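Okay, so here's the structure we're looking at.
The values are calculated or read from the model by the stated rules, or taken from the named source; none is laboratory data. Computed from a predicted structure; not experimentally measured. Please note: Cβ atoms are built from the backbone with ideal geometry, for glycine as well, and neighbour counts cover all protein chains shown. SASA here: full protein model, heavy atoms, side chains in, ligands and nucleic acids out. Shrake-Rupley method; radii C 1.70, N 1.55, O 1.52, S 1.80 Å.
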Amino acid sequence: MTISVVEWTCPECKTKNRETCNAWMYDSPIRQCKACRSEYLERRFLEVAIDGFDPRSNNPKFYMKGALFLLLLALVDGGLALYQYMNGYYSIKVLVIAAASVLGSLACFSMFIRITMGFQSKDNEKYMAESKARLADPAYVEKLRKYGYKV
């Protein structure tokens, strides 16, 4: 899946940390501050062997509906822009919304294709294997329990 960047603030030293992650944030929820090296729990990250997968990561209907809705919005905005242009004026906001809707529609459609062709399932299998490997370490499991995870 595409790479995202996540930011968080260390609860100890208040330093902002940035890190790349997968779009679903499947990784260890135990994070370490790059400045002070303190460890803490970041609930936005999911340990998939415990928390499970985000339901949207395997739902092609969700992305097809999103793609169709955004395409419809782009068509309506494009028609409105054309109407305004034919009457001698136009709003740049309408054009920006139309362009953003087209790009969003393409992104949703590409995710629909990834799910239906099985690429997302392969990624999910990889994330599950990584999660199970982390959970095979008793020290890691104990840290999760310390932070309130039911392992």
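Data overview
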| quantity | calculated |
| --- | --- |
| Pick from segment 88-98, criterion free of Cβ contacts under 8 Å to residues at least 24 places away in the same chain and within 23 Å of Ala67 (Cβ to Cβ), ranking: surrounded by the most Cβ atoms within 10 Å (Cβ to Cβ) | Val94 |
| Test for Phe69: is it over 20 Å from Glu130 (Cα atoms), in contact with a Lys or Arg (Cβ under 7 Å, 6 or more places away or on another chain), part of a helix (DSSP H, G or I) and open to solvent by 60 Å² or more (accessible area, probe 1.4 Å) | no |
| Boolean, Tyr85 is surrounded by 12 or more Cβ atoms within 10 Å (Cβ to Cβ) and assigned to a loop (DSSP other than H, G, I, E, B) | no |
| Complete set of residues in segment 2-12 that are part of a loop (DSSP other than H, G, I, E, B) and open to solvent by less than 50 Å² (accessible area, probe 1.4 Å) | Cys10 |
| All positions within segment 99-143 that are open to solvent by less than 50 Å² (accessible area, probe 1.4 Å), under 21 Å from Ile3 (Cβ atoms) and either basic (Lys, Arg) or in a helix (DSSP H, G or I) (or both) | Gly104, Cys108, Met111, Phe112, Ile115, Gln120, Asp123, Asn124, Tyr127, Met128, Ser131 |
| Of residues in segment 18-31 being at pLDDT below 90, part of a strand (DSSP E or B) and open to solvent by less than 70 Å² (accessible area, probe 1.4 Å), the one nearest to Asp123 (Cα to Cα) | Asn22 |
| Failed item in (1) open to solvent by 60 Å² or more (accessible area, probe 1.4 Å); (2) outside any helix (DSSP H, G or I); (3) not basic (Lys, Arg), with Tyr149 passing the rest | (1) |
| Residues of segment 32-54 that turn out to be open to solvent by 60 Å² or more (accessible area, probe 1.4 Å), touching a helix residue (DSSP H, G or I) at 6+ places or on another chain (Cβ under 8 Å) and outside any loop (DSSP other than H, G, I, E, B), as a count | 1 |
